[in-house]
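Worksheet: one structure, shown below.
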Amino acid sequence: MSDVAVIGFAAADTSVTTSGVETLVPVFERALGRAGLSRREVDFWCSGSSDYLAGRAFSFVSAVDAIGAVPPITESHVEMDAAWAFYEAYLKIVSGEAETALVYGFGKAGAGDLNRVLALQLDPYTVAPLWPDATSVAALQARLALEAGLFTERDMAVVAARDRAETAEELLTRPYVAAPLRAHDVARLADGAAAVVLAAGDRARHRPSAGDRPAWITGIAHRVDPPGLGERDLTAVPSATAAAADAGLGADVEVVALHAPFTHQELLLRAALGLPDSTRSVAPEGNAMFSAGLSRIGAAATEVMSGRARTAVAHATGGPALQQNLVCVLTGSETV
């Protein structure tokens, strides 16, 4: 068993092609540069993307061209957000099968009709045939939470106003796109890519060309709720609560990077994770398909590596209405 740390992160908010090669090459270079490693020093590569969205079989194999043909590599892939590829790479290092890993995710949200693609993850008998778009499904969740008195539309607008020049009151004058959601309540779907570099023990501690301190992973876990929209309480996120408990999330966390594609989901997640109001939120803009969750891990780790925070927690989600949730706790303190 080995201590594992994040030692590098980079992201891009564009994707030139569905293969991701042109986007990934500079992202790899920046992430490895910040980690103080060369490409040849990476023991394991793991990616997250979607062949279905790209419209081609084994599209992730063509993305391997961004790594290079020499030397031969050990590689794996998950057909979902690369935060779950991060989990696989973490286990690879913990089990002693690798000392270093580079995890990357990429996706081109504009490659097809994303609303139809995401509808296919819903119940194939009662929901998917209706072809509901992701925003409408989220609006159902938001309406239930509002009627339960968990928060107000103004609370949602306050979340959106945090990164805008407009006030919450100004945002509340905007029309609905799917009541009770307005345009500012919906994260912009984006093309993009992200890469995170992991290292074990002394490989993380002793990097002569790296300036940032490691962000040590003290706990990581993921849990899944039932996929059916009528099988669970959409106003609660028990899988996030369970993942946080298993990851050892405490009350002293200073920074959180939440993967919340809708403003009401940030409010639900903060409650599910038991975060105090004093916990500062940081997150990349937009919802880059298949790299958004990984970029939250990178953003939280960056806060620790830079010294702006002692402890941070990152979150990633997948599936409809926060069905799947991953929580990763990071600290700048040595764990041994």
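Structure values in brief
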| item | result |
| --- | --- |
| Selection status of THR311, polar (S, T, N, Q), on the phi < 0 side of the Ramachandran plot and either touching a strand residue (DSSP E or B) at 6+ places or on another chain (Cβ under 6 Å) or in the same structural domain as TYR87 (by TED's automatic domain parsing) (or both) | yes |
| Boolean, ASP246 is in a loop (DSSP other than H, G, I, E, B) and acidic (Asp, Glu) | no |
| Failed condition for GLY201, given (1) over 30 Å from ARG30 (Cα atoms); (2) assigned by TED's automatic domain parsing to the domain that holds ALA101 | (1) |
| Conditions (1) within 17 Å of the chain's Cα centre (by Cα); (2) over 21 Å from VAL304 (Cα atoms); (3) surrounded by 15 or more Cβ atoms within 10 Å (Cβ to Cβ): number failed by ALA12 | (2) |
| Members of the range 54-65 found to be under 19 Å from ALA190 (Cβ atoms) and aliphatic (A, V, I, L, M), listed by number | ALA54, ALA63 |
| Residue satisfying all of: in the range 40-53; in contact with a Phe, Trp or Tyr (Cβ under 8 Å, 6 or more places away or on another chain) and at pLDDT 95 or above; farthest from ALA190 (Cα to Cα) among these | TRP45 |
| Residues that are in contact (Cβ under 8 Å) with a residue 40 or more places away in the chain and either on the phi > 0 side of the Ramachandran plot or outside any loop (DSSP other than H, G, I, E, B) (or both), drawn from the range 160-180 | ALA160, VAL177, ALA178 |
| Scope the range 181-204; condition farther than 21 Å from GLU41 by Cα, in contact (Cβ under 8 Å) with a residue 60 or more places away in the chain and in contact with a strand residue (DSSP E or B) (Cβ under 8 Å, 6 or more places away or on another chain); matching residues | LEU181, ASP185, VAL186, ALA187, ARG188, LEU189, ALA190, ASP191, GLY192, ALA193 |
| Number of positions in the range 209-239 that are more than 20 Å from ALA10 (Cβ to Cβ) and out of contact with any strand residue (DSSP E or B) (no Cβ under 7 Å at 6 or more places or on another chain) | 13 |
| Single condition VAL256 does not satisfy, out of (1) of a type outside the set (Phe, Trp, Tyr); (2) in contact with a strand residue (DSSP E or B) (Cβ under 8 Å, 6 or more places away or on another chain); (3) touching a residue at least 60 places away in the same chain (Cβ under 8 Å); (4) surrounded by 17 or more Cβ atoms within 10 Å (Cβ to Cβ) | (3) |
| Residue within the range 222-233 that is under 24 Å from LYS92 (Cβ atoms) and either over 17 Å from the mean Cα position of the chain (by Cα) or assigned by TED's automatic domain parsing to the domain that holds TRP45 (or both) present | no |
| Residues of the range 35-49 that turn out to be surrounded by fewer than 22 Cβ atoms within 10 Å (Cβ to Cβ) and in contact (Cβ under 8 Å) with a residue 12 or more places away in the chain, as a count | 7 |
| Subset tally (residues that are assigned to a helix (DSSP H, G or I) and either of a type in the set (A, V, I, L, M) or surrounded by fewer than 19 Cβ atoms within 10 Å (Cβ to Cβ) (or both)) for the range 215-240 | 2 |
| From ASP246, ASP252, ASP233, residue being at pLDDT below 95, among the acidic types (Asp, Glu) and out of contact with any Pro (no Cβ under 6 Å at 6 or more places or on another chain) | ASP252 |
| Set SER333, SER295, SER281: member being surrounded by fewer than 24 Cβ atoms within 10 Å (Cβ to Cβ) and closer than 22 Å to ALA82 by Cβ | SER281 |
| Single unsatisfied condition, PRO26 versus (1) in contact (Cβ under 8 Å) with a residue 24 or more places away in the chain; (2) under 30 Å from ARG188 (Cβ atoms) | (1) |
| Matching option when the condition is among the small types (Gly, Ala, Ser), more than 24 Å from the chain's Cα centre (by Cα) and within 25 Å of ARG232 (Cα to Cα), among ALA128, ALA165 | ALA128 |
| Index of the failed condition, THR74 passing every other in (1) under 21 Å from the mean Cα position of the chain (by Cα); (2) loosely packed, with under 15 Cβ neighbours inside 10 Å; (3) under 17 Å from GLU99 (Cβ atoms) | (1) |
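The values are calculated or read from the model by the stated rules, or taken from the named source; none is laboratory data. Quantities reported herein were computed from a predicted structural model and do not represent experimental measurements. Virtual Cβ from ideal backbone geometry, glycine too; neighbours counted across all protein chains shown.
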